[in-house]
1. How many percent of all Cα-Cα pairs in segment 260-354 sit more than 24 Å apart?
2. Between segment 26-57 and segment 97-120, how many Å separate their Cα centres?
3. Excluding the sites themselves, what is the longest stretch of the chain that contains no trypsin sites (Lys or Arg not before Pro) in a DSSP loop with at most 14 other C-beta atoms within 10 Å?
4. Ordered by residue, what ³J(HN,Hα) values in Hz, to whole numbers, does segment 36-50 give under the Karplus form 6.51 cos²θ - 1.76 cosθ + 1.60, where θ = phi - 60° and Gly and Pro are x?
5. At 7 Å along Cα-to-Cβ for each site, give me the label-to-label distance between PHE17 and GLU149 in nm.
6. Which chymotrypsin sites (Phe, Trp or Tyr not before Pro) from segment 1-88 combine a DSSP loop assignment with at most 12 other Cβ atoms within 10 Å?
7. List the GluC sites (Glu not before Pro) in segment 94-194 that DSSP assigns to loop (not H, G, I, E or B) and whose Cβ has at most 10 other Cβ atoms within 10 Å. Which are they?
8. Using only the alpha-carbon atoms, how far is helix 307-316 inclined from the longest principal axis of the chain? Give it as 0 to 90 degrees, nearest 10.
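Please treat every number below as a calculation from the coordinates, not as lab data. This one's a predicted model, so the numbers in the text were calculated from it and none came from an experiment. Glycine also receives a Cβ, built like all others from the backbone with ideal geometry; neighbour counts cover every protein chain displayed.
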Amino acid sequence: MNLDSMTHSSGEWLRAFGPEADIVISSRIRLARNLSSFPFTNRANTHQKAEIETYLKARLEKLEFDPRLVYLTLANLTPLDRQLLVERQLISRELANSEGPRGVAVAPNEIISVMVNEEDHIRLQVIRSGFTLDEAWQDADRLDDKLEERVPYAFSEELGYLTACPTNVGTGLRASVMLHLPALVLIKQIEKVFRALQKINLAVRGLYGEGSRASGDFYQISNQVTLGKSETTIINEIRDVIPQIITYERQARQTLTRENHAQVLDRVKRAFGVLKNAAMMTSEETMDLLSSVRLGVNLGLIDDININEVNDLFIHTQPAHLQKILGKELDSEERNSERARFLRDRLREIDGNMN
């Protein structure tokens with residue numbers, strides 16, 4: 001797999017063609033699994049981790065599964081390439097920043113990734129565009145079955161799948177949906193939604209999962225409990241609550257359009273103007289401004305750019321993507337300058353194509 005080629009496209013989950021894609025960015029299923037004959041990753045020594053990776057790499061590469069998976073040995077990649085995989089949601093920050101033998105098997109369309117030697121021996125992930133939890137679960141379940149035919153999982157008849165963290169014991173399943181909720185943020189109702197979710201044991205995280213800030217008004221909603229619940233129950237709990245949040249966001253957008261049209265239009269136009277003209281731009285500021293532009297496109301307040309182009313800018317202005325596109329490593333100040341130039345050039349190109 002050529003990582004450089006990733007900078008010319010976005011992953012499937014960012015292509016905005018799934019159901020409710022104006023609000024639901026992506027749906028993800030993640031399964032935690034461990035090998036029965038090895039200690040958990042946090043208990044394994046370097047030699048054992050190397051054995052685990054060698055064992056799983058051979059089986060993942062030969063797995064009869066469509067699409068075929070391509071294995072990447074993370075120890076052989078540069079820090080920049082590992083960060084690129086984080087930005088594309090293919091590996092976790094923890095796996096990118098850890099040491100020792102580890103890797104990831106990736107489908108060419110980036111819907112599937114299988115991390116090796118993260119917190120668990122195996123972290124299997126399916127991520128799809130829009131509100132597609134059922135489709136993501138079907139893919140994950142099919143891949144899990146195929147892998148289990150070739151790999152002895154650590155499993156207890158009483159507890160279910162055994163995992164390094166007790167919160168994952170049972171199904172080992174995390175179901176999550178990433179939402180873009182700028183209107184709820186603007187009308188200051190987002191905390192009310194979060195409190196309601198916490199009462200039903202659902203977690204709210206930022207763009208890159210646990211411990212990350214909600215940049216660009218992106219929020220991941222996921223289950224917290226796996227033990228004692230079936231996969232179907234967990235997925236249904238997420239699936240049942242997401243339409244309510246979508247409804248709240250749509251109502252908030254209607255309220256903004258009806259009662260604060262001039263202010264929202266000004267916010268969108270100012271954001272777009274800054275993106276087209278700034279000389280310096282941080283990653284965080286870019287995310288926040290693009291969030292306003294994305295809202296404006298969805299509200300029909302701006303027709304200079306479409307949703308796919310906005311989504312591309314979200315990913316291509318991330319630090320690793322930007323440096324890969326430019327073909328050189330940059331310090332923070334250089335990135336801010338080059339990011340602003342990249343945005344100016346790209347938006348000028350988009351404007352030219354529309355004319």
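1. Details: 800 of 4465 pairs.
For segment 260-354, the fraction of Cα-Cα distances above 24 Å is 18 percent.
2. Result: 10 Å between the Cα centres.
3. Maximal segment without exposed cleavage sites: 214-327.
4. 6, 9, 10, x, 4, 3, 6, 10, 7, 7, 4, 4, 5, 4, 5
5. 2.9
6. Working: sites: TRP13, PHE17, PHE40, TYR55, PHE65, TYR71; in loops: PHE17, PHE40, PHE65.
Qualifying residues, ordered by number: PHE17.
7. Numbers: sites: GLU94, GLU99, GLU110, GLU118, GLU119, GLU135, GLU148, GLU149, GLU157, GLU158, GLU191; in loops: GLU99, GLU110, GLU118, GLU119, GLU149, GLU157, GLU158.
Qualifying residues, ordered by number: GLU99, GLU149, GLU157, GLU158.
8. Once rounded, one gets 60 degrees.
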